[in-house]
Amino acid sequence: MSGAEAGLGFDAIVALGSNQGDKEARIAEAIQHLEEAGDMRIIARSRNYRTAPWGKLDQDWFVNACVSVATDLSARELLKRCQAIESGMGRVREEHWGPRVIDLDVLVYRDVVSDEAELTLPHPGIMERAFVLVPLADVAPDLMIKGRTVLEWLSRVDHADVLALP
């Protein structure tokens, strides 16, 4: 039984980000690619947010968003799909936290907890990154992560520079 069928409403949440080219169009294109194989359905989509760069500060601002999805793909298959979408859209991994055409991160997958090098779930950066928490709060404000809801985690970080785009 999928998480969506079990009453969670979704199976996974994917975060998206871009800071190159037409950023909003890149987010929309990546979301379209998530659904095009027919084995994934978008349940909810956050607004797009303009966010300051994180980690490496001397780069252009980002657009960030989140989607919750229903899927029968495994967590590892979902990760591979996200990486294939990134590659297909021209992402080249040259610099850690550097500029990117598109970035897709699996934030949570059902109630799976994983601490593998390739796939850590829930994503380890969720709790301190406002650029993830704000759009995540649009799609799953009551989702529990490490004993707190998304809204509780959000209340603990400065999110003044995460601005909803029209």
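The values are calculated or read from the model by the stated rules, or taken from the named source; none is laboratory data. Because the structure is a prediction, the values reported are computed rather than measured. No Cβ is skipped: glycine too gets one built from the backbone with ideal geometry, and neighbour counts run over all protein chains shown.
Checking each residue in the stretch 37-63 for being among the aliphatic types (A, V, I, L, M), closer than 24 Å to Leu79 by Cα and outside any strand (DSSP E or B) picks out only Ala37. Among the residues of the stretch 138-166, those that are assigned to a helix (DSSP H, G or I) and farther than 19 Å from Ala28 by Cα comprise Val150, Leu151, Glu152, Trp153, Leu154. Once the stretch 122-154 is narrowed to residues that are among the small types (Gly, Ala, Ser) and touching an Asp or Glu at 6+ places or on another chain (Cβ under 9 Å), the residue that is surrounded by the most Cβ atoms within 10 Å (Cβ to Cβ) is Ala130. Take the conditions (1) more than 22 Å from Ser74 (Cα to Cα); (2) crowded, with 19+ Cβ neighbours inside 10 Å; Asp158 misses just one of them, which is (2). In the set Ile43, Ile31, only one residue is of a type in the set (A, V, I, L, M), out of contact with any Phe, Trp or Tyr (no Cβ under 9 Å at 6 or more places or on another chain) and modelled with pLDDT of 95 or more; that residue is Ile31.
Given (1) closer than 21 Å to Arg129 by Cα; (2) of a type outside the set (Ser, Thr, Tyr); (3) out of contact with any Cys (no Cβ under 8 Å at 6 or more places or on another chain); (4) at pLDDT 95 or above, where does Glu95 come up short, assuming only one miss? Glu95 satisfies all of (1) closer than 21 Å to Arg129 by Cα; (2) of a type outside the set (Ser, Thr, Tyr); (3) out of contact with any Cys (no Cβ under 8 Å at 6 or more places or on another chain); (4) at pLDDT 95 or above except (4).
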